[in-house]
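Colleague: Structure below; questions to follow.
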Amino acid sequence: MSKATVATNRELDLEHLWHQNVQHRGLENRPPLEVISADGCYVCATDGKRYLDAMAGLFCVNVGYGRREIVEAAAGQMARLPYYPLTQSHGPGAQLAARLAELLPRGLSRVFFLNSGSEAVETAIKMARQYGRQAHPGQNRYKIIARHRGYHGFTMGALSATGQPLRKNAFEPLVPGFFHVAPPDYYRCGFCSREPACTLACADEVERVIRMEGPETVAAVIAEPVIGGGGIFPAPDGYLERLREICDRHGALLILDEVITGFGRTGRLFALEHAGVRPDILTVAKGITSGYLPLAAAVATQEVFEAFAGDQEASKLTQVSTFGGHPVSCAAALANLDILTRERLWENAARVGAWLLERLRAIDSPWIGEVRGRGLLAGLELVADRATRAPVTEGQMIRLLKTIRENGVLAGRNNDTVAGYCNVLMVSPPLILTREQAATIAEAIEEGLASLAG
């Protein structure tokens, strides 16, 4: 790309683009990175550099960049049928729904397609509320219990479920009926951080809230198997099983949000497999197409679906998504899943991810309070003082990410979550990552942390 084109693009960007989650004042002095091409685990930018993308875009390019199979599948579908809504049907939509049902635990078989993870969560919440009214006549089951630190999306219902005040404050008041409990954050847990191991008291808190609010008012509990954007908090052993038991005991639905963790990210095809738990509704996005095209889904059990198949027209799920289940996106997803399953990329995520976590934990740095993760999803909680666990400052996090980028790696952090606790460095690379590339990520982080002392 010529210098003139680069300059023109930058000018157009600064004049017209409204970037996501970016403060634009002074942006001309720190212009966004313009990426022009990508292949495998790498992206190339107009600054002439090639970067190892340790965030897979936004947790989504699971099979890596440059997969011609996906491009050709999308192009072929666009030539045959560029668009038709799922108020009727098309082959790619039906085939993808069946493919998902085949990959998921038995019984998760009814697929409602959307465009994004936020929309999938929004739809799951609507399903749960309507299900509560139809499955429990005479009760008013509308309340949703979520966790602090969790992220579920930017639409108003999904944002109400989100436990990150810095993402919500500007838009309040939000949707009523959402309650938040403590996350499984063993490092800072008010219940058991000083105990030898997690006591699952944070899971029991869910039951306490249900009892206090009244089970007849609670529609669902929603949880990420690994809290992602909030700071990488994997569910401890027994946690999801406990949530399943609590929901069953009180007639609430369990919604698992696998928008980030689905399709191999945690070392299993779906993170729910680590616990052997089947939710009533599952939300997926990101890895379903590896980010090549927008697509998401809310997948319900047959039991949930049947509550909407009553004699009355009003019992149906009254929702339309113009582009949800777009035939081109579905074709891309089918090709993506072929690659993912043929290469069994979750196994590479487990193998290389375990090596990377061990390597990160071996870094000798006073700035690291805790390293946690599962598969190729890792977070380093950074502290200014290990004894008090005081977080590093915003300025230090910015400097660290800048240094890591200068070392050729694009990493992320839990930005705009909870005031004072946006101090978790995150990596979530493509699932094709090699051990050598994992070493590059670890070395860049190690050098970045060493620079903070200067």
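Colleague: Only one residue in V371, V424 is free of Cβ contacts under 8 Å to residues at least 40 places away in the same chain, among the β-branched types (V, I, T) and surrounded by 19 or more Cβ atoms within 10 Å (Cβ to Cβ), so which one is that? Show your work before the answer.
Modeller: Numbers: V424 fails: free of Cβ contacts under 8 Å to residues at least 40 places away in the same chain.
Being free of Cβ contacts under 8 Å to residues at least 40 places away in the same chain, among the β-branched types (V, I, T) and surrounded by 19 or more Cβ atoms within 10 Å (Cβ to Cβ) holds for just one of V371, V424, which is V371.
Colleague: A follow-up question, please. List every residue pair whose Cβ atoms lie under 7 Å apart, where the two residues are 6 or more positions apart in sequence or sit on different chains, the first residue falls within region 92-113 and is outside the structural domain of A298 (by TED's automatic domain parsing) and more than 17 Å from T289 (Cα to Cα), and the second residue, located anywhere, is modelled with pLDDT under 95 and exposed (fewer than 14 other Cβ atoms within 10 Å of the Cβ).
Modeller: Correct list of pairs: empty, since none qualify.
Yes/no matrix, rows are residues, columns are (1) crowded, with 18+ Cβ neighbours inside 10 Å; (2) β-branched (V, I, T); (3) free of Cβ contacts under 8 Å to residues at least 24 places away in the same chain; (4) over 30 Å from I281 (Cβ atoms):
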{"site": "R50", "(1), (2), (3), (4)": "no, no, no, yes"}
{"site": "F59", "(1), (2), (3), (4)": "yes, no, no, no"}
{"site": "A75", "(1), (2), (3), (4)": "no, no, yes, yes"}
{"site": "M78", "(1), (2), (3), (4)": "no, no, no, yes"}
{"site": "H90", "(1), (2), (3), (4)": "yes, no, no, no"}
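Colleague: OK, next. Within region 136-150, which residues are crowded, with 16+ Cβ neighbours inside 10 Å, of a type outside the set (S, T, N, Q) and either in a loop (DSSP other than H, G, I, E, B) or outside the structural domain of E207 (by TED's automatic domain parsing) (or both)?
Modeller: Narrowing region 136-150 to residues crowded, with 16+ Cβ neighbours inside 10 Å: 139, 141-150.
From the residues that got through so far, the ones that are of a type outside the set (S, T, N, Q) too are 141-150.
Listed by number, the residues that qualify are R141, Y142, H148, R149, G150.
Colleague: Please go through region 383-426 and pick out each residue that is part of a strand (DSSP E or B) and either on the phi > 0 side of the Ramachandran plot or within 21 Å of the chain's Cα centre (by Cα) (or both).
Modeller: Filtering region 383-426 for residues part of a strand (DSSP E or B) gives 383-385, 390-391, 409-410, 412-413, 424-426.
Listed by number, the residues that qualify are V409, L410, G412, R413, V424, L425, M426.
Colleague: Being out of contact with any Lys or Arg (no Cβ under 9 Å at 6 or more places or on another chain), outside any loop (DSSP other than H, G, I, E, B) and over 15 Å from R99 (Cα atoms) is true for just one of A349, A297, A314. Which residue is that?
Modeller: Working: A349 fails: out of contact with any Lys or Arg (no Cβ under 9 Å at 6 or more places or on another chain); A297 fails: over 15 Å from R99 (Cα atoms).
Residue meeting the stated conditions: A314.
Colleague: Quick one: which residue in E370, E443 is out of contact with any helix residue (DSSP H, G or I) (no Cβ under 7 Å at 6 or more places or on another chain), part of a helix (DSSP H, G or I) and of a type in the set (D, E)?
Modeller: Of the residues listed, the single one that is out of contact with any helix residue (DSSP H, G or I) (no Cβ under 7 Å at 6 or more places or on another chain), part of a helix (DSSP H, G or I) and of a type in the set (D, E) is E443.
Colleague: Still on this structure, please answer the following. Of the numbered conditions (1) within 21 Å of the chain's Cα centre (by Cα); (2) farther than 16 Å from C247 by Cα; (3) touching a residue at least 40 places away in the same chain (Cβ under 8 Å); (4) not in a helix (DSSP H, G or I), C198 satisfies every one except a single condition; which is it?
Modeller: (1)
Colleague: Can I ask one more? Looking at (1) outside the structural domain of V320 (by TED's automatic domain parsing); (2) surrounded by 12 or more Cβ atoms within 10 Å (Cβ to Cβ); (3) not aromatic (F, W, Y), which is the only condition H16 fails?
Modeller: H16 satisfies every listed condition except (2).
Colleague: Filter region 268-286 for residues that are surrounded by fewer than 24 Cβ atoms within 10 Å (Cβ to Cβ) and over 18 Å from G238 (Cα atoms) and give the result.
Modeller: Selection gives L269 alone.
Colleague: For region 279-294, name all the residues that are outside any strand (DSSP E or B) and either of a type in the set (F, W, Y) or in contact with a helix residue (DSSP H, G or I) (Cβ under 7 Å, 6 or more places away or on another chain) (or both). Working first, answer last.
Modeller: Filtering region 279-294 for residues outside any strand (DSSP E or B) gives 279-280, 285-294.
Across region 279-294, the qualifying residues are P279, D280, A285, K286, I288, T289, S290, G291, Y292, L293, P294.
Colleague: Also, I was wondering about something else. Yes or no: K316 among the basic types (K, R) and either more than 25 Å from H148 (Cα to Cα) or modelled with pLDDT under 95 (or both)?
Modeller: Numbers: among the basic types (K, R): yes; either more than 25 Å from H148 (Cα to Cα) or modelled with pLDDT under 95 (or both): yes.
Judged against the criteria, K316 is a match.
Colleague: A further question on this structure: What's the number of the condition P236 fails, among (1) under 20 Å from the mean Cα position of the chain (by Cα); (2) closer than 30 Å to P429 by Cα; (3) buried (at least 24 other Cβ atoms within 10 Å of the Cβ)?
Modeller: Result: P236 passes all but (3).
Colleague: Another question about this same structure. Can you tell me how many residues in region 427-440 are surrounded by fewer than 19 Cβ atoms within 10 Å (Cβ to Cβ), in contact with a helix residue (DSSP H, G or I) (Cβ under 8 Å, 6 or more places away or on another chain) and in a helix (DSSP H, G or I)?
Modeller: Qualifying residue count for the region: 2.
Colleague: Against the conditions (1) hydroxyl-bearing (S, T, Y); (2) out of contact with any Asp or Glu (no Cβ under 6 Å at 6 or more places or on another chain); (3) in contact (Cβ under 8 Å) with a residue 24 or more places away in the chain, where does T318 fall short? Just the number, please.
Modeller: (3)
Colleague: Just a yes or no: is a residue in region 222-241 outside any loop (DSSP other than H, G, I, E, B) and among the small types (G, A, S)?
Modeller: Step one: filter region 222-241 for residues outside any loop (DSSP other than H, G, I, E, B), giving 222-223, 226-227, 233-234, 239-241.
Now restrict to residues that are among the small types (G, A, S): 223.
Yes: region 222-241 contains one or more residues that are outside any loop (DSSP other than H, G, I, E, B) and among the small types (G, A, S).
Colleague: If you don't mind, another one. Select from region 423-454 the residues that are more than 23 Å from G230 (Cβ to Cβ), in contact with a Phe, Trp or Tyr (Cβ under 8 Å, 6 or more places away or on another chain) and not hydrophobic (A, V, I, L, M, F, W, C) and list them in ascending order.
Modeller: Result: R435, single match.
Colleague: For region 362-371, state whether one or more residues are within 30 Å of L104 (Cα to Cα) and either at pLDDT 95 or above or not acidic (D, E) (or both).
Modeller: Taking region 362-371 and keeping what is within 30 Å of L104 (Cα to Cα), we get 371.
Okay, now just the ones that are also either at pLDDT 95 or above or not acidic (D, E) (or both), so 371.
Yes: one or more hits.
The values are calculated or read from the model by the stated rules, or taken from the named source; none is laboratory data. Since the model is a prediction, treat every value here as computed from it, not as a measurement. Note that we place each Cβ from the backbone using ideal geometry, even for glycine, and neighbour counts take in every protein chain shown.
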